[in-house]
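What follows is a short report on a single structure.
Nothing in this text is a laboratory measurement; each read-out follows from the coordinates by a stated rule. Just so it is clear, the model here is predicted, and its values are computed rather than measured. Backbone-built Cβ (ideal geometry, glycine too); neighbour counts: all protein chains shown.
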Amino acid sequence: MAVMSIEELEAFRAAHFSQSDPLNMKIERLDETSMRVRMPVGQKDLRPGGTVSGPSLMFLCDAAFYLLVLSRIGPVPLAVTTNLNISFMRRPGPVDVIGEARILKLGQRLAVGDMLLFSDGEDDPVAHCQMTYAIPPKEKR
């Protein structure tokens, strides 16, 4: 059951993680186990050849999955990434990147999930990311 709404997640991000503002990521949908986000692609996200850079895609995965986990556990700033593995599948064009993140397992200490990334308007994914987050014990939150 979601405990934070899209509006609450956006406010939390703005208050605690100003470094994620350059993404300009927008949450388009949130449900019990998944989230859809959109990252408008600008010149800062492109590498030579006009493709979206790997670091921009990884940052999107990390930020989106973090917010998805918080939507379930509440505002826990000390939840941290313990693993992020990304497979680049095809060249993303210089258009918005759409991310579909989902929680595969949410335990008391770990959250495991994945995310598919798409170039806006394309059906085939450009990348697949797997992530694990460590959730601090309740007494340390």
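Summary table
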item: Alpha carbon centroid spacing (whole Å) that separates the stretch 18-91 from the stretch 120-138; result: 8
item: Under Karplus coefficients 6.51, -1.76 and 1.60, residue-wise ³J(HN,Hα) of the stretch 61-67 in Hz, glycine/proline x; result: 4, 4, 5, 5, 5, 4, 5
item: Spin-label model distance (nm) - D124 vs A14, 7 Å beyond Cα toward Cβ; result: 3.9
item: Simple Cβ-charge dipole of the stretch 34-93, Lys/Arg +1 and Asp/Glu -1, about Cα centre, in debye nearest 20; result: 200
item: Given charges at Cβ of Lys, Arg, Asp, Glu: the chain dipole, positive-most of C129, T33, V112; result: V112
item: Straight-distance crosslink candidates among aspartates and glutamates, where the alpha carbon sits under 15 Å from K26 and sequence neighbours closer than 8 are dropped; result: E7, E8, E10, D62, D96, E100, D120
item: Relative contact order, percent, the stretch 82-141 [alpha-carbon distance under 8 Å, six or more residues apart]; result: 40
item: Global geometry of the stretch 81-141, whether rounded, prolate or oblate, following the gyration tensor of its Cα atoms and the 1.5 cut on a/c; result: prolate
item: Cβ-placed point charges (K, R +1; D, E -1), dipole of the chain about Cα centre in debye, nearest 20; result: 500
item: Environment charge of L84, counting only residues whose C-beta is closer than 14 Å and scoring Lys/Arg +1, Asp/Glu -1; result: -2
